[in-house]
Amino acid sequence: MARTSSDIALKTREADEASPRPKSRLDLFKFVPFRLNRLAAEVSSALAVEYQERHGLDIPAWRVIATLGFRNDACSAQYISQCTRTHKSTISRAVTTLLHDGRIERVENEADRREFRLQLTDKGRALYEELFPQLLRREDEILTCLSAQERKQLSALLGKIEGSLDLIQTSEEADAKQAY
């Protein structure tokens, strides 16, 4: 039997009435995507102080350095863009700046000579090695409001959300995939 628009409207209204959330307005401060985005922006800004003031890096440049720093092999700018969820034009500008500054270099892709991959130079590796302990310390400061057990729970809960979105969750998994 075909469903009429009034049948659909009735079902929709019944579903709305059974829903635990009021539909009159969206409270952004209870909306998880908004909360996660706002939290990510604040944490990112708090960490940025470590590399912006001392080394003149912006957030996209740090993302390039950080991605290349955790990898064992060179990778493409596209990989960095996908891994960090940063638009490819933003990564491209950061790559250009970092190449010019001598912090990263292009290397030929042995599998496809038409493509170049990126890796840290000695200067870039030294910067990474200097910065990551500072950033880990800053992360600890940000998370001091959580107990050790709460940190484990937060990590597990974030992992569940990442898993539900099919996001790579470990550097080993990212290395093994070659393409994000």
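Restricting attention to the range 73-102, the residues that are closer than 15 Å to residue 59 by Cβ and not in a helix (DSSP H, G or I) add up to 3. Determine whether residue 142 is at pLDDT 90 or above, open to solvent by less than 60 Å² (accessible area, probe 1.4 Å) and not polar (S, T, N, Q). So residue 142 passes the test. Filtering the range 53-72 to residues that are under 17 Å from residue 130 (Cα atoms), in a helix (DSSP H, G or I) and in contact with a helix residue (DSSP H, G or I) (Cβ under 8 Å, 6 or more places away or on another chain) leaves 55, 59, 61, 62, 63, 64, 65, 66, 67, 68, 69, 70.
Against the definition (modelled with pLDDT under 95, exposed (fewer than 15 other Cβ atoms within 10 Å of the Cβ), assigned to a helix (DSSP H, G or I) and not aromatic (Phe, Trp, Tyr)), how does residue 131 come out, yes or no? The answer is no for residue 131.
Test residue 70 against the stated conditions and say whether it is under 25 Å from residue 138 (Cβ atoms), of a type outside the set (Gly, Ala, Ser), modelled with pLDDT under 90 and surrounded by 11 or more Cβ atoms within 10 Å (Cβ to Cβ). So residue 70 fits the description; yes.
When each of 108, 141, 162 is tested for being free of Cβ contacts under 8 Å to residues at least 40 places away in the same chain and more than 23 Å from residue 42 (Cα to Cα), the lone residue that passes is 108. When each of 113, 151 is tested for being assigned to a loop (DSSP other than H, G, I, E, B) and not aliphatic (A, V, I, L, M), the lone residue that passes is 113.
The values are calculated or read from the model by the stated rules, or taken from the named source; none is laboratory data. Treat the numbers as computed from the prediction; the structure is a model and nothing was measured. Backbone-built Cβ (ideal geometry, glycine too); neighbour counts: all protein chains shown. Ligands, DNA and RNA are stripped out before the accessible areas are found, and what is left, the full protein with its side chains, is counted by its heavy atoms. Shrake-Rupley method; radii C 1.70, N 1.55, O 1.52, S 1.80 Å.
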